[in-house]
1. Quick check, is Gly148 assigned by TED's automatic domain parsing to the domain that holds Val283 and assigned to a helix (DSSP H, G or I)?
2. State which residue is surrounded by the fewest Cβ atoms within 10 Å (Cβ to Cβ) when the search covers only the range 209-227 and only residues that are among the polar types (S, T, N, Q) and in a helix (DSSP H, G or I).
3. Among (1) outside the structural domain of Pro269 (by TED's automatic domain parsing); (2) surrounded by fewer than 18 Cβ atoms within 10 Å (Cβ to Cβ); (3) farther than 14 Å from Val62 by Cβ, where does Asp137 come up short?
4. Could you say whether any residue in the range 9-22 is within 24 Å of Ser241 (Cβ to Cβ), in the same structural domain as Glu83 (by TED's automatic domain parsing) and surrounded by fewer than 21 Cβ atoms within 10 Å (Cβ to Cβ)?
5. Condition check: surrounded by fewer than 20 Cβ atoms within 10 Å (Cβ to Cβ) and of a type in the set (S, T, N, Q). Does Asn97 satisfy that?
6. So, in the range 65-118, how many residues would count as being in a helix (DSSP H, G or I) and in contact with a strand residue (DSSP E or B) (Cβ under 7 Å, 6 or more places away or on another chain)?
7. Yes or no: the range 98-112 includes at least one residue that is in contact (Cβ under 8 Å) with a residue 60 or more places away in the chain and under 23 Å from the mean Cα position of the chain (by Cα).
8. Collect the residues in the range 317-355 that are within 24 Å of Glu292 (Cβ to Cβ), at pLDDT 95 or above and in a loop (DSSP other than H, G, I, E, B), keeping them in residue-number order.
Amino acid sequence: MAVQTIAWHGRDPGYVRMIEQTLLPGDARLLEVRNVQDMVDAIYRLAVRGAPAIGVAAAYGVLLGVQDEGERAPDELVALVNETADELAAARPTAVNLFWALDRMRARAERDRAAGADSPAILEGLFEEAGAIAEEDAGQCERMGEIGAELVADGMTVLTHCNAGALATAGIGTALAPIYAAKRQGKNVAVFADETRPLLQGARLTAWELMQAGVDVTLITDNMAARVMYEGKVDMVFVGSDRIARNGDVCNKIGTYGVAVLAKQHGIPFYVVAPLSTFDPSVATGADIPIEERPAEEITEGFGKRTAPEGVRVYNPAFDVTPAELVTGIVTEVGVIEHPNTERVEEALRRGGRL
Ligand code: MRU
């Protein structure tokens, strides 16, 4: 593994160490996060980003908020877990892994309290739960890699959008996992990485991470995707997701929908790679998924250089929704959901114990 994106360290008190992703690729600096407010800030600023990594960060964020509170009564400790989780939940609205991980932490505290645990034991349980969230994520990445690699033949070229690699998870990534797995199997795989306007996760993160891992990567701007497809240079698309609706509609980084439409036009398979923790059974279709809007400055003066007139009106949605009908398949840790629809998504969720 080229990079360890996020990890918990120590117990006295413990803290979180993560790669400060806003500084990549120029500076691979580590950031130490020691309190809840700084974790909320790290998630909002995209110092840590990517749906599964945000989930892990949120679970660790709960630990930061309660680790020194073992003297409290169990009821008070559980109330503090819930307050801390509420604070963390406000960091970003779209990636459902954030809420999923926080719900796991809340449920664990409540379950242990109800079973009669004292506060130190409740804290122990929370450490165990956060560790399990990170470990399970890494395992799911491996599994999705193995399953997804079966779709990748020797010599193929994959196009990807945003960063759904190791930097977005606690393991080898989602969309990039099949590429790493295929490479491990000795297959030659090349990647076109979309730059991903406006925050350039493709250029800054995917290109960097794939180069670190020795993968053959070519960077293109987002508006070149149609051209490389037209030129017959793309065999398949792999993207990640921030939230998948019950009917298989896929929410991911802004621009993903356009890539899916282009893939359909050119007869190129469009695969989403995402763990079951990214599915949200409570939303029936993609129309119900909250889409984060980010500051105008990300577009008008991204990375410090003004590129639009002062005062111009800006619309900056950070995500879009790709309708299920454009999705060839969703690679999960329990298998591929081919041509997703409500019935098939529900069947996979049931198999994975999420329904
Ligand atoms: O705004 P970001 O960088 O958090 O957006 C990330 C994405 O859209 C990823 O594609 C998605 O979270 C999948 S990560 C495995």
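1. Taking the combined requirement at face value, the residue satisfies it.
2. Applying the filter and picking the extreme gives Asn223.
3. All conditions are met except number (2).
4. Yes, some residue in the range 9-22 is within 24 Å of Ser241 (Cβ to Cβ), in the same structural domain as Glu83 (by TED's automatic domain parsing) and surrounded by fewer than 21 Cβ atoms within 10 Å (Cβ to Cβ).
5. no
6. Matching residues across the range 65-118 total 1.
7. For the range 98-112, residues in contact (Cβ under 8 Å) with a residue 60 or more places away in the chain and under 23 Å from the mean Cα position of the chain (by Cα): present.
8. Scanning the range 317-355 gives Ala318, Pro323, Val327, Pro340.
The values are calculated or read from the model by the stated rules, or taken from the named source; none is laboratory data. This one's a predicted model, so the numbers in the text were calculated from it and none came from an experiment. Counting neighbours? That spans all protein chains shown, and the Cβs are built from the backbone with ideal geometry, glycine included.
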